[in-house]
Amino acid sequence: MSEGRERLPEKSDAILAPGARLSVNVDGRGAIEIVGNRIGLRALAAICGGLAELTVEELTTPANHYHLDEDFWGTEKGSLPLTVRRQEDGWPETRG
């Protein structure tokens with residue numbers, strides 16, 4: 001995937017849905033808080049779901065992440081920038 005290609009084109013209807021609202025902030029206790037309306041949370045879910053479906057080969061391309069900030073994806077003004085990225089290596093072994 002080249003830099004100029006849309007990320008997750010199969011999810012673009014949900015990700016770019018009109019009326020989506022999402023805000024990323026730090027609450028009074030220092031915890032990150034993501035607040036959104038129904039459409040905005042569905043857009044975030046589509047981003048996460050789309051990243052989860054990438055092939056191993058796609059993980060070595062710019063498709064492995066998605067930026068959410070007020071100037072790029074359209075989160076609310078004043079939101080903290082957030083990058084959602086899929087990574088498979090470097091995690092401790094899990095027991096199932």
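The values are calculated or read from the model by the stated rules, or taken from the named source; none is laboratory data. Predicted model, so just to flag it, every value in this text is computed and none were measured. Cβ: placed from backbone, ideal geometry, glycine included. Neighbour counts: every protein chain shown.
Here Leu59 meets the list (1) part of a loop (DSSP other than H, G, I, E, B); (2) surrounded by 14 or more Cβ atoms within 10 Å (Cβ to Cβ) almost entirely, failing just condition (1). Each residue in region 10-59 was checked for being among the polar types (S, T, N, Q) and touching a strand residue (DSSP E or B) at 6+ places or on another chain (Cβ under 6 Å), and 2 of them qualify. Is it true that some residue in region 75-89 is surrounded by 13 or more Cβ atoms within 10 Å (Cβ to Cβ) and modelled with pLDDT under 90? Yes, that holds for at least one residue.
Restricting attention to region 62-96, the residues being outside any loop (DSSP other than H, G, I, E, B) and on the phi > 0 side of the Ramachandran plot number 0. Are any residues in region 15-52 part of a helix (DSSP H, G or I) and over 12 Å from the mean Cα position of the chain (by Cα), and if so, which ones? Scanning region 15-52 gives Arg38, Ile39. Scoring Ala31 on the criteria (1) exposed (fewer than 13 other Cβ atoms within 10 Å of the Cβ); (2) among the hydrophobic types (A, V, I, L, M, F, W, C); (3) modelled with pLDDT under 90 leaves a single failure, condition (3).
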